[in-house]
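Heads up: the structure comes next, in structure tokens.
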Amino acid sequence: MAALLLLNRVSRTTSSISLHRVAGALGFDSLNAQIHGGRISGTLFRVRSLATLAEGASRFDEMVSVNQRKFYLLGGKGGVGKTSCAASLAVKFASHGHPTIVVSTDPAHSLSDSFSQDLSGGVLKPVQGVDSPLLALEITPEIMKDEIKRQTGDKSVKNMMDSMGLGMFAGELGDLNLEDMLNAASPGIDEIAAISKVLQFMEAPEYSRFTRIVFDTAPTGHTLRLLSLPDFYDSSISKITKLKKKITAAASAFKSVFGKKEIQQQELPNELDQLKERMEKVRNVFRDANTTEFVIVTIPTVMAINESSRLHASLRKENVPVHRLIVNQLLPQSESDCKFCSMRRKEQTRVLGLIQNDTELSGLKLIQSPLLDAEIRGVPALKFMGDLIWK
Ligand SMILES: Nc1ncnc2c1ncn2[C@@H]1O[C@H](COP(=O)(O)OP(=O)(O)OP(=O)(O)O)[C@@H](O)[C@H]1O
């Protein structure tokens, strides 16, 4: 309390870094503080004794050393700490000089809560309180849907056929709209929106300076659909392209019989081919060990470990590179355990043993992340957590 009173007297221009120093001087390890109109509110963390627990090194040096752009996807079961780990990684990358973007593909966003800043609205927003540029985006499917519509325009198959002079065949195919096709594929607009954003980051020059892109993904099921989506569209688009070619060939023959000029292949609309190419690009990025890594986040319970094992099996099948497993919310060491704590600790030790014997998980780099004594909110707290996990 005394510490907070003292901190409240710190000037309104005080940065989060100097607040960290103040916290350190007071004998605390970190400070989760926000400055609102000169008033400081927040939590002091006294968890120095826990630091030894995060023994499993993440080899952050490997993650940070390469200058070329890298994508990190953090995923796992609901509520295990995906957002906290993803946000702390993004902050750490930015602190190491990498212009970074952190994106939430989870429809139930919590990036704003995690950073304790308003990052909503479906557009990239700068995160305050970080040294290098760090932008955050909570993908909002409704906004993305409009964006996709704007980008693709009205690309119905009927319109394409009309422009090819084949309108009379269109009725047989029905009004097969490209956007409807994308929606009808059932993986959901959330995943489509995420893929569309990945493409933008890959292609638009204004994002080329961002060397780290961190994804806070939705719980397991959604994420697996996201990763398999490019393959799904690739095969659907291939089918439609083949159909389009067949119709064009038939129409050319039909027109030449009636003495009309043949349709030139190069005059045909090629949006589908372009879309197919772009989907291939995303698919390749997700599978490229030089550019992408999926980090599985879990907690030390049998249910979470089982789900992580299944997740890794699916990612392996999809050829998505995975090297690291974060076990989050491990009870910190304590000299005087209550009965409850000692039972939980025993159980957690048993579960860590299960990981070592799990054929899917045992080969991954294990990162142990302690359960902290306060909620992780705000950049200083994320920096603190990041220093425990990413080292
Ligand atoms: N190591 C930790 N110590 C203390 N609290 C933690 C820790 N990790 C996460 N939390 C807290 O647990 C809650 C859930 O964390 P978070 O939002 O990161 O999980 P999530 O997996 O992204 O959840 P969801 O699946 O709902 O998106 C938050 O309140 C967060 O501050």
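The values are calculated or read from the model by the stated rules, or taken from the named source; none is laboratory data. Not measured: the values here are computed from a predicted model. So basically every Cβ, Gly included, is an ideal-geometry build from the backbone, and we count neighbours across all protein chains shown. In case anyone asks, the SASA skips ligands and DNA or RNA and just uses the protein heavy atoms, side chains included. Shrake-Rupley method; radii C 1.70, N 1.55, O 1.52, S 1.80 Å.
Return the total of residues in the range 102-114 being out of contact with any Pro (no Cβ under 8 Å at 6 or more places or on another chain), farther than 11 Å from Ala86 by Cα and open to solvent by less than 30 Å² (accessible area, probe 1.4 Å).
The number of residues fulfilling the criteria is 2.
Where residues in the range 52-65 are surrounded by 15 or more Cβ atoms within 10 Å (Cβ to Cβ) and within 16 Å of the ligand (Cβ to nearest atom), which of them is modelled with the highest pLDDT?
Residue satisfying both the conditions and the ranking: Ser58.
What are the residues in the range 118-139 that are touching a residue at least 24 places away in the same chain (Cβ under 8 Å) and either within 16 Å of the ligand (Cβ to nearest atom) or not hydroxyl-bearing (Ser, Thr, Tyr) (or both), if any? It would help to see each step written out before you state the result.
Residues of the range 118-139 touching a residue at least 24 places away in the same chain (Cβ under 8 Å): 127-139.
Passing the criteria: Val127, Gln128, Gly129, Val130, Asp131, Pro133, Leu134, Leu135, Ala136, Leu137, Glu138, Ile139.
Check off (1) over 23 Å from Arg278 (Cα atoms); (2) at pLDDT below 55; (3) open to solvent by 10 Å² or more (accessible area, probe 1.4 Å) for Ala170 and give me the number that stays unchecked.
Status for Ala170: all satisfied but (3).
If you check Ala313 against the conditions, is it in a helix (DSSP H, G or I), surrounded by fewer than 18 Cβ atoms within 10 Å (Cβ to Cβ) and touching a residue at least 24 places away in the same chain (Cβ under 8 Å)?
Here the answer is yes, as Ala313 does meet what is asked.
May I ask you to list the residues in the range 126-141 that are surrounded by fewer than 19 Cβ atoms within 10 Å (Cβ to Cβ) and over 17 Å from Asp106 (Cβ atoms)?
Correct list: Pro126, Gln128, Asp131, Ser132, Pro133.
Based on what the data block shows, is Asp337 more than 16 Å from the ligand (Cβ to nearest atom) and either touching a residue at least 24 places away in the same chain (Cβ under 8 Å) or surrounded by fewer than 18 Cβ atoms within 10 Å (Cβ to Cβ) (or both)?
The answer is yes for Asp337.
Determine, yes or no, whether Val351 is at negative phi, within 16 Å of the ligand (Cβ to nearest atom) and in a helix (DSSP H, G or I).
Details: at negative phi: yes; within 16 Å of the ligand (Cβ to nearest atom): yes; in a helix (DSSP H, G or I): yes.
Yes; evaluated as a whole, the condition is true for this residue.
Any idea which of (1) surrounded by 22 or more Cβ atoms within 10 Å (Cβ to Cβ); (2) more than 15 Å from the ligand (Cβ to nearest atom); (3) farther than 15 Å from Met385 by Cα; (4) not hydroxyl-bearing (Ser, Thr, Tyr) is the one Gln68 doesn't satisfy?
Checking Gln68 against (1) surrounded by 22 or more Cβ atoms within 10 Å (Cβ to Cβ); (2) more than 15 Å from the ligand (Cβ to nearest atom); (3) farther than 15 Å from Met385 by Cα; (4) not hydroxyl-bearing (Ser, Thr, Tyr), the one that fails is (1).
Hey, Arg345 hits all of (1) more than 30 Å from Thr291 (Cα to Cα); (2) among the basic types (Lys, Arg); (3) more than 16 Å from the ligand (Cβ to nearest atom) but one; which does it fall short on?
With respect to (1) more than 30 Å from Thr291 (Cα to Cα); (2) among the basic types (Lys, Arg); (3) more than 16 Å from the ligand (Cβ to nearest atom), Arg345 is out only on (3).
Just the residues that are more than 15 Å from the ligand (Cβ to nearest atom), closer than 28 Å to Ser65 by Cα and either of a type in the set (Asp, Glu) or crowded, with 22+ Cβ neighbours inside 10 Å (or both), please, taken from the range 354-391.
Scanning the range 354-391 gives Glu360, Leu361.
Can you pull out every residue in the range 201-219 that is open to solvent by less than 10 Å² (accessible area, probe 1.4 Å), under 19 Å from Phe93 (Cα atoms) and in a loop (DSSP other than H, G, I, E, B)?
Correct list: Phe210, Thr217.
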